Amino acid sequence: QVQLVESGGGLVQPGGSLRLSCAASGSIFMTYAMAWYRQAPGNQRELVATITSGGSTNYADSVKGRFTISRVNANNTVYLQMNSLKPEDTAVYYCNKYLRPPDRYARTTYWGQGTQVTVSS
C-alpha cells in the first residue's frame, strides 16, 4: 500500500520561501518520475514540477526560476524548494508519481492529504 505524506506548508509573506517535503512509503515508488502538483480553490489540480528517477527536472512556466524539485531516493523523499513566493502560489500542494492528465483527475487515483501553502501579507 503506497502512502504519501506531504509537509512543510504554511503562511508566508510574498517574496518568502518554503521547503515542502514528501515522504513516500514503498521503495518501488522512487523508481518512478515524481512530481509536485497544486490545487487552488475552484481550480483544477495543476502540475508544478517533475523529476525523473535520474534527476532530470521540468517546471511549469509559472514557477520556473523560483521553484526547485529534488529527490533523495535512499530516503524515499521528494522536496520542493519554493522561493520568491507570490500570492498566486497559494494552494494545497501534493506530491505523487508523474501522472498524465487522465490519471491526474481520476477519482480512483490515490493522493495524500497535501500541505497548504498560503502566500499573503
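The values are calculated or read from the model by the stated rules, or taken from the named source; none is laboratory data. Just so we're clear, the structure is a prediction, and the values are computed from it rather than from any experiment. Please note: Cβ atoms are built from the backbone with ideal geometry, for glycine as well, and neighbour counts cover all protein chains shown. These area figures cover heavy atoms from the full protein model, side chains too; ligands, DNA and RNA do not enter into them. Shrake-Rupley method; radii C 1.70, N 1.55, O 1.52, S 1.80 Å.
Here are a few things to note about the model shown:
- Which numbered condition ARG107 misses (of (1) modelled with pLDDT under 95; (2) closer than 14 Å to GLU6 by Cα): (2)
- Any hit, segment 5-23, residues being touching a helix residue (DSSP H, G or I) at 6+ places or on another chain (Cβ under 9 Å) and open to solvent by less than 10 Å² (accessible area, probe 1.4 Å): no
- Among the residues listed as THR57, THR68, THR77, the single one being among the β-branched types (Val, Ile, Thr), more than 11 Å from the chain's Cα centre (by Cα) and at pLDDT 95 or above: THR57
- Residue in segment 28-46 that is modelled with pLDDT under 95, surrounded by 13 or more Cβ atoms within 10 Å (Cβ to Cβ) and β-branched (Val, Ile, Thr) present: no
- In segment 13-21 there is at least one residue that is farther than 13 Å from ASP89 by Cα and of a type in the set (D, E, K, R).
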